[in-house]
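Worksheet: the structure to be examined is printed underneath.
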Amino acid sequence: MAAPTAVAGRNRADARAEAMARLRQRVRLPLVAVPAGGLVGILGSYLYWTLSPVRVEGVPLTGRLADYGIGGVRTWSLLLALAVLVYGALVLRARSRNATQGEALARLGIGLAVLPVVWALTLVMFLDVEVGRLGPGPWVTAAGGLLAWLGARGLLAAEPAPAAEPWARRSMLVDLAVVVVAELVAFGVFLLGIEIDDPGEFLGFFIALTAIAATLSTIGVFKGLAGPFARNEGVAIALLAVLLLLFPFTQEGNTFWIQVTAQAGLFVLAALGLNIVVGSAGLLDLGYVAFFGIGAYVAALTGNALLTNVNFHLPFLLVVFIVAPVVAAIFGVLLGAPTLRLRGDYLAIVTLGFGEIVRITLNNLDPITRGPNGISSIPDPVVGGWSMGEGFTVAGFEISGNSVYFYLLLALIALTLATIYRLNDSRIGRAWVAVREDEVAAAAMGINTTIIKLLAFGAGAWFAGMAGAVNAHLLTQVSPDSYTFPFSVLILAMVVLGGLGNPPGVVLGAIILTFLPEKLREFSDIRFLVFGFALILIMRFRPEGLLPSARRRRELHATGETAAAESQQLFDVRSGT
Amino acid sequence: MDEALLDVKDIHVFYGNIEAVKGLSFHVNRSEIVCLIGANGAGKTTTLRTVSGLLRPREGAIFYEEQRIDLLPAHEVVTLGVAQSPEGRRIFPRMSVRENLDMGAFIRRDAAGQREDMDRIMELFPILKERARQAAGTLSGGEQQMLAMGRALMARPRLLLLDEPSMGLAPLVVQTIFDTIRDINEQGMTVLLVEQNAAQALSLAHRGYVIETGKIVLEDEASALLENEQVRKAYLGEE
Amino acid sequence: MDEFVQQLANGVTKGSYYALIALGYTMVYGIIQLINFAHGEVFMLGAFIGLWTFNLGVTAFGWGSTSLVALVVVLLMATLLTPLIGVSLERFAYRPLRNAPRLAPLITALGASFALQQLVAVFYSRGQLAFPDLFPNTSFQIGGANIQLLWVFMVALALLLTFTLTAFIRTTRLGKAMRATAEDPDTARLMGINVDMIIALTFIIGSALAGIGGVLAGMYLGQVNFFMGFIAGLKAFTAAVLGGIGNIAGAVLGAFLLGILETFGAAYLGGEWQDVFAFGVLILVLVFRPTGLLGERVAA
């Protein structure tokens, strides 16, 4: 009874199903390509990567002609290639295979392919190395990665593995061991990352790390770790605290990375604040830097700076904990009270405008802010007669001034995190979620949405003010140029990358986006270019960020099928008006 | 079966993970009025939106004039001759009545034919002629329903889908609307009608299907359904 | 009095290119309720495309400045190439997110704005670049004020384009389809309107107008930089909100008003406060009359 077109449609579908079935049977064939790709990758890692020494600011890039051994970037391509080989062989030999393994292998393969290409591209584009001076190594390695990736795709037709679960408790000891090992490994990787000076090698390290983390995530290791961590929260936090307290001691004689870590701490603080606004309450604040700047100027004006027009000194602790946050929060409420009634996307543009207004005002209010020059020579904070910059000595160990900032920020972050978790569990926190998910329904439930949004806005400004105040002292100067729109976007990128609404994710995002630019200073030109593209790509492919909260993942991920079924909500955006 | 204009085969439609239509099959023959009746949330509107291509079934298939249409985007389904007057009328409120009718004929390129149809529709619903230049949002509910139907007819469809044309209208207006549907059908139009107003819909239709929670629970000649004990209890408000 | 007329003329001229940007903002917002942050960057790229076209013309055909041919070709290239940018943005950045919560496309738009800016900064130039005088450098006196012919051209072109656009949206089949899509996209699909196509068309028209605006702004300001789209875009959005977002006539009215307000603000409060003035207006409008002067409506 069906007409030809219909038959054709059916037949095509049937044919596809048959082809899939055949593919499943022959799954072994493409799978062999994976370990083969790993072998090619190993070979590539041992070949020349450059044919003559490449120097960046006097530091030679590794991979020299004379260097037949493994070193530099090739360590990391070798590591990835080995991972592909070993895991590929294991999967090939496994009795039952699933699509999840294929996906995991594909990620390793992509990493192996991308690593040498990105390395080569950066050399050519930013370090002015001619393509001719690159050896065969990177291309062979990339080919190996490609081969592995193609092979791994053969497995994608199989059934996926059941969703990963947090690991169940075996015994107290195993649980503890897992927690300790995981934290030590994470800390070790962090220290290793700091150790690597060579920008080319760091790229390799970073890509390999990303690929391996993505693979572990695919096969459910991170999900599994959640089990032991949840059961031993106290131990996990205590161990983390100890490791962080010990961190300055690992940087003997070199305070640079301690300072960068302190800077990262500042960003963590600011990002956690923005996360309340954007992540918890769902309000896009694009002028967040204004509150940071206000906090910084408050600290600068009251901090006994050498060159200032204001002669008014307040104790540091009072400024950091009360004055700067309160002033910033007052501005937040002043801006938010009239504008938070507006629909969400208007808020974005109003806050953007406000950020500009604050910057221009700081620039033009010469009598107080010293205009474009800013305020410089802000001394280290003094608490009870002791200047933080002097550092102190414990049991024979000298703690430098930078380390003091680092510890100060650790304390502030711990305090902030505790506050945020308490808030999120409170009526207010639940109201934020309600307002974010459905403002109309929230209002119907009796939530005063304007006040609730105002609280989020004020809380965000509060933490920004606090971070700004510390920032003024850490950098010893403030100027309007430091508090521009790109800064707001940078903090937003940290929140989005880490995982909107999930504090640990936000911390991770802030750390990555502080360290990465420091490690890749040679490429600082393209920093904001990368941020821009990163924002687009994250929203497109992983809107929930690196470490999502469970709720957020559900909210943000419209899978293909549901997206089609929900196409009646194509313009869901308009219901938010 | 051979003259089936629309043939819906075992469709399953999901909103996210919620299955709104759970394996629904029915057909509409040429020149028939078929009505789907059922309570609020039974899946009637979802079914109609799926036929129109606004939603995609996860399983099953829809054939129109023996061509599979469930994979086509909504705007292509219209070009095949399926027009819908949607639930809640959904006229374009800021556009004039005439412009609304123009939008109904969006897929057509024959200016003369369009003018002819426009005249015919204004004859069918004289009030629309009176208000041709008025913004459609200023019309009363009944007038908007007429406009929505007229707009669907402007596509010169071979299958007309009507979603709750009686919703929120005064009984007298409902009568007018249903009379018009009968007239249109007598001129040869095939109509698939979705209604909560079961009594009137069944007295108008040739055949009917009863939908409950996404499934067809009863199907019969409309007159037989009107007599059916269950239907009388559940949908006609009789004890 | 002279001073007043002079400032008025400056303000109206500024308003003309604000208007051309604001039209795109307002149309896109009207149809998919997205603040397309990257729209200001399309404007900036319009200016740069103009500059590159001119530079090419100088090498290839020996164009000098104030050449009518150059002016026409430069405007044409900006009109033809900027839509490619707009459509790519829509297709690859925004369309995949149409089902997502509204924060997602907004962040994407922000990222796109940043990326486009930085593409120019990284791969072309971070500096202030001189923009050629394509228009005859003639001026005349009205009421004691010195008016350049270029200004008259800019205002006339902006008004002409606005009227053309209005006529297009009011009367043509596609224009009506745009209005229908803006009012109710699902029902528009039931009419047989290819909504994706209409949205793409909206981006094409908006981008082309912004591209022309970019060239005009380049000539008016005499210089361009990679950052020019950010502030101009923000102000154009302010103009669109001022007039009532989604409202074509409102956007243009808002743009001219903002241009005038801003110029007078700068003249009487000091130029360094000019931007504060513009954003202050934005906040005040949103607080006291969020529907704008002419009210929110979609299209003509």
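Restricted to the stretch B:176-204, and to residues that are over 15 Å from B:Phe26 (Cβ atoms) and among the hydroxyl-bearing types (Ser, Thr, Tyr), which residue is surrounded by the most Cβ atoms within 10 Å (Cβ to Cβ)? Among them, the one singled out is B:Thr180.
Within the stretch A:531-551, can you find the residues that are within 14 Å of chain C (Cβ to nearest Cβ), assigned to a helix (DSSP H, G or I) and either small (Gly, Ala, Ser) or crowded, with 20+ Cβ neighbours inside 10 Å (or both)? Correct list: A:Phe531, A:Gly532, A:Ala534, A:Leu535, A:Ile536, A:Ile538, A:Met539. The one condition from (1) within 14 Å of another protein chain (Cβ to nearest Cβ); (2) within 18 Å of C:Gly222 (Cα to Cα); (3) buried (at least 21 other Cβ atoms within 10 Å of the Cβ) that C:Leu97 does not meet is (2). If a residue has to be within 23 Å of C:Leu71 (Cβ to Cβ), surrounded by 15 or more Cβ atoms within 10 Å (Cβ to Cβ) and within 14 Å of another protein chain (Cβ to nearest Cβ) to count, how many in the stretch C:111-161 make the cut? The total comes to 1.
Taking the residues in the stretch A:479-496 that are more than 11 Å from chain C (Cβ to nearest Cβ) and not in a helix (DSSP H, G or I) as candidates, determine which candidate is farthest from A:Gly371 (Cα to Cα). The extreme case among them is A:Tyr483. Do we have B:Val191 as assigned to a strand (DSSP E or B), touching a residue at least 60 places away in the same chain (Cβ under 8 Å) and either over 28 Å from B:Lys22 (Cα atoms) or not aromatic (Phe, Trp, Tyr) (or both) here? Judged against the criteria, B:Val191 is a match.
Scanning the stretch C:30-48 for residues that are out of contact with any Gly (no Cβ under 6 Å at 6 or more places or on another chain), farther than 12 Å from C:Gln117 by Cα and surrounded by 24 or more Cβ atoms within 10 Å (Cβ to Cβ) yields C:Ile31, C:Ile32, C:Ile35, C:Asn36. When C:Gly280, C:Gly270 are screened for being within 14 Å of chain A (Cβ to nearest Cβ), free of Cβ contacts under 8 Å to residues at least 12 places away in the same chain and at positive phi, only C:Gly270 passes. Mind listing just one residue for me: the one in the stretch B:205-215 that is crowded, with 20+ Cβ neighbours inside 10 Å and not aromatic (Phe, Trp, Tyr) and, of those, nearest to B:Ile184 (Cα to Cα)? Among residues in the stretch B:205-215 that are crowded, with 20+ Cβ neighbours inside 10 Å and not aromatic (Phe, Trp, Tyr), the one nearest to B:Ile184 (Cα to Cα) is B:Ala205.
Of the candidates A:Leu283, A:Leu342, A:Leu335, the single residue that is buried (at least 19 other Cβ atoms within 10 Å of the Cβ), of a type outside the set (Val, Ile, Thr) and not in a helix (DSSP H, G or I) is A:Leu283. Kindly establish whether C:Thr108 is at the interface with chain A (Cβ under 10 Å from one of its Cβ atoms) and touching a Leu at 6+ places or on another chain (Cβ under 7 Å). Yes: the conditions hold for C:Thr108. All of A:Arg427, A:Arg436, A:Arg422 fail the test of being among the charged types (D, E, K, R), surrounded by 15 or more Cβ atoms within 10 Å (Cβ to Cβ) and at pLDDT 80 or above, apart from A:Arg436. Of all the numbered requirements in (1) without any contact (Cβ under 8 Å) to a residue 24 or more places away in the chain; (2) in contact with a Phe, Trp or Tyr (Cβ under 8 Å, 6 or more places away or on another chain); (3) in a strand (DSSP E or B), C:Ile193 misses one, and that requirement is (3). Put simply, of C:Leu258, C:Leu286, C:Leu242 the only residue that is surrounded by 17 or more Cβ atoms within 10 Å (Cβ to Cβ), within 14 Å of chain A (Cβ to nearest Cβ), more than 20 Å from the chain's Cα centre (by Cα) and not polar (S, T, N, Q) is C:Leu286.
Look at (1) farther than 26 Å from B:Leu225 by Cβ; (2) surrounded by 15 or more Cβ atoms within 10 Å (Cβ to Cβ) and you find that B:Glu164 fails only one, number (1).
Residues checked against (1) under 30 Å from C:Tyr29 (Cα atoms); (2) more than 10 Å from every other protein chain (Cβ to nearest Cβ):
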| site | (1), (2) |
| --- | --- |
| A:Pro338 | yes, no |
| A:Arg341 | yes, no |
| A:Asp345 | yes, no |
| A:Val350 | yes, no |
| A:Asn364 | no, no |
| A:Arg370 | no, yes |
| A:Val382 | no, yes |
| A:Gly385 | no, yes |
| A:Gly389 | no, yes |
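Right, A:Gly509: away from chain C (no Cβ under 14 Å), under 29 Å from A:Asp425 (Cα atoms) and assigned to a helix (DSSP H, G or I) or not? Considered against the rule, which asks whether it is away from chain C (no Cβ under 14 Å), under 29 Å from A:Asp425 (Cα atoms) and assigned to a helix (DSSP H, G or I), A:Gly509 comes out as no. C:Ile205 - would you say it is away from chain B (no Cβ under 14 Å), in a helix (DSSP H, G or I) and in contact (Cβ under 8 Å) with a residue 24 or more places away in the chain? Yes; evaluated as a whole, the condition is true for this residue. Exactly one residue among B:Arg115, B:Arg109 is in a loop (DSSP other than H, G, I, E, B) and more than 7 Å from every other protein chain (Cβ to nearest Cβ), and that residue is B:Arg109. In the stretch A:85-103, the residues that are basic (Lys, Arg) reach residues that are outside any helix (DSSP H, G or I) with C-beta atoms within less than 7 angstrom, at least six apart or across chains, in these pairs: A:Arg97/A:Val27; A:Arg97/A:Ala158.
A count restricted to the stretch B:161-181 and to residues that are in a helix (DSSP H, G or I) and touching a residue at least 40 places away in the same chain (Cβ under 8 Å) stands at 2. Applying the set (1) more than 14 Å from chain C (Cβ to nearest Cβ); (2) buried (at least 17 other Cβ atoms within 10 Å of the Cβ); (3) part of a helix (DSSP H, G or I); (4) at pLDDT below 90 to A:Asn304 leaves exactly one unmet item: (3). Any chance the stretch B:46-66 includes a residue that's surrounded by 17 or more Cβ atoms within 10 Å (Cβ to Cβ), touching a Pro at 6+ places or on another chain (Cβ under 9 Å) and more than 10 Å from every other protein chain (Cβ to nearest Cβ)? Yes, that holds for at least one residue.
Of all residues in the stretch A:387-441, those satisfying the criterion of being part of a helix (DSSP H, G or I) and of a type in the set (D, E, K, R) are A:Glu390, A:Arg422, A:Asp425, A:Arg427, A:Arg430, A:Arg436, A:Glu437, A:Glu439. Of all the criteria given as (1) part of a helix (DSSP H, G or I); (2) touching a Phe, Trp or Tyr at 6+ places or on another chain (Cβ under 7 Å), the one not satisfied by C:Gly246 is (1). Counting only residues that are of a type in the set (A, V, I, L, M, F, W, C), under 29 Å from B:Val28 (Cα atoms) and surrounded by 21 or more Cβ atoms within 10 Å (Cβ to Cβ), the stretch B:122-158 holds 9 of them.
A:Ala472 meets each of the listed conditions (1) part of a helix (DSSP H, G or I); (2) modelled with pLDDT under 90; (3) not polar (S, T, N, Q) apart from (2). When restricted to residues that are more than 8 Å from every other protein chain (Cβ to nearest Cβ) and part of a loop (DSSP other than H, G, I, E, B), the stretch B:67-90 contains 8.
Here the condition is being part of a helix (DSSP H, G or I), more than 9 Å from every other protein chain (Cβ to nearest Cβ) and more than 30 Å from B:Gly53 (Cβ to Cβ); of C:Ile212, C:Ile198, it holds for C:Ile212 alone.
The values are calculated or read from the model by the stated rules, or taken from the named source; none is laboratory data. Please read all numbers here as calculations on a predicted model, not as lab measurements. Note that we place each Cβ from the backbone using ideal geometry, even for glycine, and neighbour counts take in every protein chain shown.
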